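Visitor: My structure is below; once you've seen it, I'll send some questions.
The values are calculated or read from the model by the stated rules, or taken from the named source; none is laboratory data. Nothing here was measured: the structure is a model prediction, and the numbers come from that model. Cβ placement follows ideal geometry from the backbone for every residue including glycine, while neighbour counts extend to all protein chains displayed.
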Amino acid sequence: MATSVFIDQVFAEVERARAKWPGNRVQLAAFTEEVGEAAKALLHHDYEPSPAGLCANRAEVWKELVQAAAMAVRVATEGDSSFSYDAALAAREAEQ
């Protein structure tokens with residue numbers, strides 16, 4: 001099923017991103033950037049062909065959505081050191 005494939009890829013991307021960019025500095029900015037790239041890929045897929053006449057393909061849209069979701073996971077679970085959001089406290093409160 002597409003959902004389980006997507007979630008598996010999101011978890012893999014979270015681990016890859018943590019290894020490449022450890023810590024939680026500027027996480028919100030990275031998340032926002034990834035959401036913008038996902039939106040751009042979706043728009044290009046349907047409405048804005050490149051000069052060569054090629055549109056973003058489904059794989060590119062999928063990849064950008066995986067990366068955006070992975071950054072959402074990181075912001076939710078790790079926070080961003082630029083803000084006072086406490087990810088551990090939020091997780092405990094969400095379990096109640």
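Visitor: What number of residues within segment 67-85 satisfy the criterion of being part of a helix (DSSP H, G or I) and of a type outside the set (A, V, I, L, M, F, W, C)?
Guide: Final tally of qualifying residues: 4.
Visitor: Step by step: first the residues of segment 26-44, then only those that are of a type in the set (A, V, I, L, M, F, W, C) and farther than 15 Å from Val66 by Cβ, then the one that is modelled with the lowest pLDDT. Which residue is that? Can you show your working first?
Guide: First, pick out the residues of segment 26-44 that are of a type in the set (A, V, I, L, M, F, W, C): 26, 28-31, 35, 38-39, 41-43.
Those still in the list that are farther than 15 Å from Val66 by Cβ too: 26, 28-29, 43.
Working: Val26: 95, Leu28: 96, Ala29: 97, Leu43: 87.
The selected residue is Leu43.
Visitor: Separate question: Looking only at residues in segment 70-96 that are of a type in the set (S, T, N, Q) and free of Cβ contacts under 8 Å to residues at least 40 places away in the same chain, which one is nearest to Val5 (Cα to Cα)?
Guide: Here the residue is Thr77.
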